[in-house]
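A.B. asks: Below is a structure I'd like to ask you about.
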Amino acid sequence: MRFTSEQRLDDGVLEREFTLGEIPGTLWTPASAAPTPPSPLILMAHNNGLPKAQPRLVARARITAAYGYAVATIDAAGCGDRPRSAADEQARADLRRAMRAGEPVDEIFESLVGPLVGKAVPEWRTTLDALLALPEIGGPVGYSGWMALGVRLAVVEPRVVAAAFFAGGYVPRAQREEARQVTVPLLMLLQWDDEGNPRQRALDLFDAFGTKEKTLHANPGGHTGTPWFEVDDGNRFFGRHLK
């Protein structure tokens with residue numbers, strides 16, 4: 001892991017850009033992180049294709065770091081500024097066109113998002129290895145963000161002990177099946193009027209999760225209308241399981 005820039009923000013949070021091989025990422029650590037005690041870590045993933053510098057993700061990360069967590073995000077393969085294949089770009093265009101036209105999108109979605117998840121998980125696990133080697137970061141580890149990726153990580157990565165998912169009805173078939181294997185404490189946020197994600201699919205997925213400790217927060221509004229107080233609620237959720 002090589003740090004390429006750093007700045008101390010107004011709230012004392014240290015923001016550092018890094019590269020890990022071909023993986024670009026950002027790490028936020030609280031003002032009190034170094035040298036001890038090490039901070040719990042939250043992996044914060046944006047939705048597929050969005051850059052790690054997406055303003056809403058950066059704002060959530062900064063607030064979360066101010067609560068005393070180390071927070072990290074990366075641009076996985078084919079996301080943000082990383083190269084995208086012509087097939088992926090065509091699938092994205094086809095998905096947008098079909099959604100605007102109200103046509104079925106499941107097969108297009110599978111062809112795009114299924115491979116994205118498959119490529120992203122190993123890179124997130126490699127990043128986790130490098131982050132936990134830093135003296136200012138310790139366990140336990142939480143996950144927050146993109147549901148399709150989070151379901152897979154919660155199943156295959158034993159170091160993730162709690163997860164907060166932003167609900168999306170469109171989740172690849174493989175992750176819908178894996179939901180039954182998720183056993184870590186779970187907080188799921190659902191926008192009741194999300195124009196791009198079928199509500200009933202999201203509710204069915206919540207019901208399928210195998211964990212005994214799961215909580216659903218539903219708020220009115222569209223896809224990007226999640227109230228900011230949910231960030232505070234999410235940090236309290238992680239406080240019960242990471243601190």
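Bear in mind these aren't lab numbers, they're just calculated from the coordinates by the rules spelled out. As the structure is a prediction and not an experimental result, all values here were calculated from the model. Every residue, glycine among them, receives a Cβ derived from its backbone with ideal geometry; neighbour counts consider all protein chains shown.
A.B. asks: On average, how much area does the Cα convex hull of segment 124-243 cover when viewed from any direction, in nm²?
C.D. replies: That works out to 7.3 nm², a quarter of the Cα hull's surface.
A.B. asks: Select from Ala167, Leu131, Gln200 the residue farthest towards the positive end of the dipole of segment 2-242; place +1 on Cβ of Lys and Arg, -1 on Cβ of Asp and Glu, and compute about the Cα centre.
C.D. replies: Leu131
A.B. asks: For Cα pairs less than 8 Å apart in space and 6+ apart in sequence, what is the mean separation divided by the residue count of segment 2-242, i.e. the relative contact order in percent?
C.D. replies: Relative contact order here is 16 percent.
A.B. asks: What's the magnitude of the charge dipole for segment 2-107 around its Cα centre, counting Lys and Arg as +1 and Asp and Glu as -1 at the beta-carbon? Answer in Debye, nearest 20.
C.D. replies: So the magnitude is around 200 debye.
A.B. asks: May I pose another question? Cross-link candidates for Lys214: which aspartates and glutamates have Cα within less than 20 Å, leaving aside residues fewer than 8 places away along the same chain?
C.D. replies: Partners within reach: Glu157, Glu177, Glu178, Asp204, Glu230, Asp232, Asp233.
A.B. asks: Next question, about the same structure. For Thr211 and Arg62 in one chain, what is 0.36 nm times their gap in residues minus the Cα-Cα distance, to one decimal in nm?
C.D. replies: Between Thr211 and Arg62, full extension yields 50.8 nm more.
A.B. asks: Please list, by residue number, everything in segment 56-89 whose backbone N is under 20 Å from a paramagnetic label point 7 Å out along Cα→Cβ of Glu6.
C.D. replies: 61-74
A.B. asks: Can you compute the modelled spin-label distance between Arg199 and Ala218, with each label point 7 Å from Cα toward Cβ, in nm?
C.D. replies: 0.6
A.B. asks: Continuing with the same structure: For Asp94, Asp193, which order do you get if you count the other beta carbons within 10 Å of each Cβ and list the fewest first?
C.D. replies: Result, fewest neighbours first: Asp193, Asp94.
A.B. asks: Another question, then. Quick check: the distance between the Cα centres of segment 58-98 and segment 132-189, to the nearest angstrom?
C.D. replies: 16
A.B. asks: What Rg and what Dmax come out for segment 173-243 when only alpha-carbon atoms are used, in angstroms?
C.D. replies: When restricted to the Cα atoms of segment 173-243, Rg and Dmax are 12.9, 36 Å.
A.B. asks: For segment 2-242, what is the Kirkwood hydrodynamic radius in Å, using each pair of distinct C-alpha atoms?
C.D. replies: Result for segment 2-242, one decimal place: 18.2 Å.
A.B. asks: Given the convex hull of the Cα atoms of segment 53-167, what is a quarter of its surface area in nm²?
C.D. replies: Approximately 8.1 nm², given one-decimal rounding.
A.B. asks: Report the one residue of Leu190, Leu50, Tyr69 whose Cα lies farthest in the direction of the positive end of the charge dipole of the chain (charges on C-beta: Lys and Arg +1, Asp and Glu -1; origin at the Cα centre).
C.D. replies: My answer, from the dipole projection, is Tyr69.
A.B. asks: What FRET efficiency do you get for Arg82 and Arg180 if R0 is 22 Å and r is their Cβ-Cβ distance, rounded to the nearest 0.05?
C.D. replies: About 0.10, to the nearest 0.05.
A.B. asks: Let me check I've understood the local charge: for Ala76, count other residues with C-beta under 13 angstrom from its C-beta, Lys and Arg +1, Asp and Glu -1. What total comes out?
C.D. replies: +1
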